[in-house]
Every structure is written in C-alpha cells, then in structure tokens.
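Shown next, in structure tokens, is the structure this report addresses.
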Amino acid sequence: MFGCVPGGYEILHPLGGGSGGSVYKARKNGKIVALKIPKVLDPRDLCRLKREVSALSSVDNPSVAKIVEADIEGSTPFIAMEFVEGDNLSADVKTNGIYEGKYLALLADKLAFALHAIHKAHIIHRDIKPENIIIAEKGPVLVDFGIAMNPEETHLTRTGLIMGTPGYIAPELLEGKPEGAGSDWWSLCAVLAFAALGRSPFGRGGVAGILDKEEKGKFDFSSLPPVLASAFGRALDPNPKQRLPIKNLIDVIWQNI
C-alpha cells in the first residue's frame, strides 16, 4: 500500500505488521508519523482499536509513544503515532551488546516510570517485550498498545486464546487469571533480564517449552553477578505473591554498578 491513504497521509515505507494490522512510516504536511492501519474484521476489532486510542491519548510521558491523529469511525480506521527514530531493544542489544551497570539501571528507571504512568491512567499494556521498546536518542520509548486494555474491561479474545509473546507473558495469565498491573511488571522484569543477558532468561525453543519454563520458574541467569541473578530470579517468580517488587530489583541494579 503506497501513495495517499486515509487521513491524507503519504506512505513512505512499511515498518512492520502482523495479525492486528500494518504499520508504515508516513508523512503529511511535512510531519513524519508511524501510521497504523489495523485489520478490522468484526466489532471486537473496532473495540480493541478504540481502546488503543484511549490508552495512548490518556498518557503523557516522554517514554510512551504519543498519538498525533486518529480516525476510528471512518471506513478505513487509522492511528497516526509519534514516529520514534531508533532500533527496538532487541535489535539494539544485537548490534551494541548487553546493558550493564548504569545503562541497565537507567533503562530500568525510565521504563518503570513509563509503565507507572500507563497504570496511573488505568491501562494495562499486555504486550511489553523488547520489540515494543524503541531505543531513541531521548531514551527508551514504549510503543504498540494494540492489545492494551483497561483493567475494568472484559477480554475481547476468542475462548482459549492467550494474547502476548512467549517469554514475556506473566505466568498467571497462562493459568487463566485476569491481567493486572502485576502482569505488566513481570513482563517488564523479563525485558530488563533480556537487556542484561542478551537473550531471554527462559532460553530458546518452541512456544510450549518456553511457557512451561515460565510456569515452573526455570530461568538461566548464570552469566550475571550472583546478587543480580538472585534479584532477577525473585522478580520473575511464577507466584505473584512471592515476587520481588520492581522497585527493589532496580535498587539492586543500582547497587551493583
């Protein structure tokens, strides 16, 4: 899809896509945006899109991507978001190496600040993973609220479908328990572990194997200093009641610079 599209935008090139729709780098009146054109197949998709717009519009934080313009009632709904120049965290780690010392601590601080702002707006992100964090010149920016939801809303998924990414889905969600702020914090801890390790703490393998390791708390932090490894292990405990709060994890990261 190139040329003019809804909203009068000019498509420059694709940025990515998936089952929920496609995202393009686009331009209008000289302004560059990330233009999301979602797939709207039924009323549930439209509800999810409205929720995404609500989520992004209600949060004001430098580490959260902002909405520039949106039309969710037209024949072809779209969302124009702030275009954040930079690689995602996964690509950044692959290119530049793992985050250590103060760099890991600063990454943790900024992402925790962003997630706190999201939760303060009564929004659960639901898909925090390295690919949804852009490392920009101004710092990390959390993007893609395609499956975000207000904690008071009900699921819009089909029966038995778990939305999220293996390795970054909180274990309690795999048991059918409802999302909450705690599940987002678990996902953020998994992302910080990825940044520190250069890989998922649950290793490689098929989806079933990774999810099984999450539920059983089987992770590998052998390359980290013992104190930091212990803190990450406690933060990713499959039992929400036994988890080390992320504030304490970040304290340990700072103390081990």
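Its residue count N fixes a reference of 2.2 N^0.38 Å for region 64-134, and the Cα radius of gyration divided by that reference is 1.35.
The equivalent ellipsoid of region 169-223 has semi-axes of 19, 14, 8 Å, largest first, where each one is the square root of 5 times an eigenvalue of the Cα gyration tensor.
In summary, the helical segments of the chain meeting the span-like criteria, namely a full DSSP H run, a Cα extent along the axis of 27 angstrom or more and a mean Kyte-Doolittle hydropathy of at least 0.0, are 101-120. Per-residue ellipticity at 222 nm from helix content only, as computed over the chain with -39500 (n - 2.57) for each DSSP H run of at least four residues, stands at -11500 deg cm²/dmol. In a DSSP loop and with at most 15 other Cβ atoms within 10 Å, the trypsin sites (Lys or Arg not before Pro) in region 94-149 are Lys138.
Could you work out the local net charge near Val93, counting Lys and Arg as +1, Asp and Glu as -1, over the other residues with Cβ closer than 12 Å to its Cβ? Residues near Val93 contribute -2 overall. By the rule of a C-alpha distance below 14 Å, with chain neighbours fewer than 8 residues away ignored, the aspartates and glutamates paired with Lys28 are Glu10, Glu69, Glu82. The convex hull of the Cα atoms of region 3-82, projected and averaged over all directions, covers 5.4 nm². Taking the Cβ of Gly233 as the centre, find all other residues whose Cβ is under 12 Å away and add up their charges (Lys, Arg: +1; Asp, Glu: -1). So the surrounding residues net to +1. In the chain, the DSSP beta bridges split such that about 95 percent are antiparallel, to the nearest 5. Of the GluC sites (Glu not before Pro) found in region 162-226, those in coil by DSSP whose Cβ has at most 12 other Cβ atoms within 10 Å are Glu175.
Each value in this text was obtained by applying a stated rule to the coordinates, not by laboratory testing. Because the structure is a prediction, the values reported are computed rather than measured. Glycine also receives a Cβ, built like all others from the backbone with ideal geometry; neighbour counts cover every protein chain displayed.
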